[in-house]
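Structure first, then comments.
The values are calculated or read from the model by the stated rules, or taken from the named source; none is laboratory data. All values reported here derive from a predicted model rather than from experimental measurement. Cβ: placed from backbone, ideal geometry, glycine included. Neighbour counts: every protein chain shown.
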Amino acid sequence: MTHRERFESVMQHVPCQAVPNWELGVWGHTKERWIQEGLLEDEVIWDWFQGDPYWGMDLREFVPVRMGMEPAFEVEILEKTDRYETVRHGSGVVTKALIQGTVAGTRSSMDQYVRFPVETMRDFEALKKRYLPNPISRYPKDWESQVSAWNDRAHVLVLGVNCCIGFYGVARQWMGTENLSLAFYDQPRLCEAMFEFIADFFIELTGPILKKVHFDYFNFFEDLAYKTGPLIGPAHFQRFVYSHYQRAIEHLKSHGVSYISLDSDGNTETLLPLFLEMGMDTHWPFERAAGMDPVRIKRQYGKDLRIWGGVDKRALAKGNLEIEKALMELAPLMETGGFIPTVDHTVPPDVSLEHFRYYMKRKKALLTGRF
């Protein structure tokens, strides 16, 4: 079977010879550790979303339709000392962050968020100018010459890069978690305007390519939850976000996109019924530390919900026995279909190269029914 055929079989809950082998990636610190432990840097394709022959990962192709700010804000270092730097990023967000411990762009601690580009309706009106839905500037060069090859492919084809757009996730980037939470009460008109705009922008931008290319899936990036629950409750999600999300999903599916996935860390369980109602097919990465149990939740929703992820990253650091237990827990899902196991986030630096090799070896056995 081709990579695409394996993907389609799993998503349709049809038994197949091998479930797709996907992973999310690694921290910069993890990459550094593994190279010190003997992995040759140029042996591996570190963008694992696209697949990596070294680890036997399946190929996916992401068509880079750019859905972010264009132009971005000018990056500016506002303050810098020996210990930290305060920077205005291309997103317009100002952060203060430790310099020490940064490896390959990955920080060992969270940044302190100082300011966000949207505080008022006036700020939002100004920001909208950075989101002109112009296919000429946002689509790949000469994309129409690739349409025939894209539609006659053996691998999975995805619209956009992985973390390109969402609804709550985008508004959160514009305003910040605390400010957005308050805005639902203090500035409801602003919230309604933001979510309506995101849907309008997305639909207009993607229309031309969707008329010519059939994509296997589109992923909405959200990160709308923390360890014990969502950052936005079901009532506010339904009032402010649901209808616009539904419009965007209907647009995608009416143009032949097979599946819609939604990416969020944390515990999103109370929002799952709304996700499914609005047309979402897949949720990931099912963070185990947040109580997202894929076996229990898959049993609850059956074939309505496909799951990617669900392998507890903490188990990989504990050694082979814990890796065996983590994979054994997921074995029932391999029989039901609708499940692609991956580590439930990027692999952290407490995971040794030896333990990750063992994990990939045993996961391959799980994917092929030989566990």
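For segment 56-76, residues that are part of a strand (DSSP E or B) and either of a type in the set (D, E, K, R) or at pLDDT below 95 (or both) total 4. Of the residues making up segment 112-132, those that are of a type outside the set (Val, Ile, Thr), surrounded by 17 or more Cβ atoms within 10 Å (Cβ to Cβ) and part of a loop (DSSP other than H, G, I, E, B) are Phe116, Pro117.
What about Pro140, is it surrounded by fewer than 18 Cβ atoms within 10 Å (Cβ to Cβ), closer than 18 Å to Phe62 by Cβ, in the same structural domain as Leu205 (by TED's automatic domain parsing) and not aliphatic (A, V, I, L, M)? When the stated conditions are applied, Pro140 passes them.
When restricted to residues that are out of contact with any helix residue (DSSP H, G or I) (no Cβ under 6 Å at 6 or more places or on another chain) and buried (at least 18 other Cβ atoms within 10 Å of the Cβ), segment 275-284 contains 6.
For the condition buried (at least 22 other Cβ atoms within 10 Å of the Cβ), in the same structural domain as Ala171 (by TED's automatic domain parsing) and of a type in the set (Gly, Ala, Ser), what is the one hit in Ser254, Ser258, Ser264, Ser243?
Of the residues listed, the single one that is buried (at least 22 other Cβ atoms within 10 Å of the Cβ), in the same structural domain as Ala171 (by TED's automatic domain parsing) and of a type in the set (Gly, Ala, Ser) is Ser264.
When the test is whether a residue is surrounded by 21 or more Cβ atoms within 10 Å (Cβ to Cβ), without any contact (Cβ under 8 Å) to a residue 60 or more places away in the chain and either outside any helix (DSSP H, G or I) or out of contact with any Leu (no Cβ under 8 Å at 6 or more places or on another chain) (or both), Leu205 does not pass it. Applying a threshold of 6 Å to beta carbon distances and a minimum spacing of six or more residues, or different chains, the list of pairs starting in segment 212-225 at a residue that is part of a loop (DSSP other than H, G, I, E, B) and ending at one that is basic (Lys, Arg) and surrounded by fewer than 24 Cβ atoms within 10 Å (Cβ to Cβ) is empty.
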